[in-house]
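First the structure, in the form of structure tokens, and then the observations on it.
Here, each number is a calculation from the coordinates, and none is a lab measurement. Quantities reported herein were computed from a predicted structural model and do not represent experimental measurements. When we count neighbours, we look across all protein chains shown, and the Cβ atoms used for this are built from the backbone with ideal geometry, even at glycine.
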Amino acid sequence: MRRHCFAVALMLAGSAGAQSYAVEGSCRDGRPHGNYELRDPGGGLRVAGAFNRGKRTGSFLFWSSAGARIAHLPFEDDVLSGTLALWWPPPAKGAQPPPKLEATYVHGKLSGTKRSWFANGKPRAEFRYEQGTLAAARGVSEAGAALSDADARALAARDLESDEALLASLSALVTQHPPRCDPASDRLEKS
């Protein structure tokens, strides 16, 4: 799982400096405001979301270079808040991507249930967080054997580290490619 998260992060952001992305977005008072889209050099949509006076708001959706949906990040006032979802790459072209992760965030902290699945769609783990602190952990091996509490908590810690790295990469893709806002005018930008 950790390797997959980093592979996705590299696939998305690792080439950010090498690629020339097209940014579509509008501005108000010199800050991003309204709909936002980031497209790769071939015109493929990689990120869609919205800003409110320079802060991410609502859903930010991310797609791979192959066009598969890979992430949904909910924001409120530029902070993760709501149900975050990640997907595995689809098993075949045109197929729906299987779920990888679903987690609830409240004001930037994990709060509630965090579920994950193996790439084959079978449940992998279920963790419960209270204001960012792990309260309970359950997990299974790929063979389906239940993990001990200690092993499930260790898995939760590894997943948290890996997930935070992936979220940082996704976030960096947006922050490194904002609409160009000229404080003197409010206009639609393409770069």
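Taking Cα pairs under 8 Å and at least six residues apart, what relative contact order does the chain come out at, in percent?
Relative contact order for the chain comes out at 22 percent.
Helix-only estimate, please: 222 nm mean residue ellipticity of the chain, summing -39500 (n - 2.57) across DSSP H runs of length 4 or more and dividing by its residues, to the nearest 500.
One gets -6000 deg cm²/dmol as the mean residue ellipticity at 222 nm.
Cα to Cα, under 12 Å, and not fewer than 8 places away if on the same chain: which aspartates and glutamates meet these conditions relative to LYS122?
LYS122 reaches GLU142.
Between ALA154 and ARG180, what's the calculated FRET efficiency when r is the beta-carbon distance and R0 is 45 Å? Round to 0.05.
Efficiency computed from Cβ-Cβ geometry: 0.50.
Please identify the trypsin sites (Lys or Arg not before Pro) of segment 30-117 that satisfy two criteria: DSSP loop assignment and at most 15 other Cβ atoms within 10 Å. Which are they?
Sites meeting the loop and neighbour criteria: ARG53, LYS93.
If you wrap a convex hull around the alpha carbons of the chain, what volume per residue comes out, as a whole number of Å³?
104 Å³
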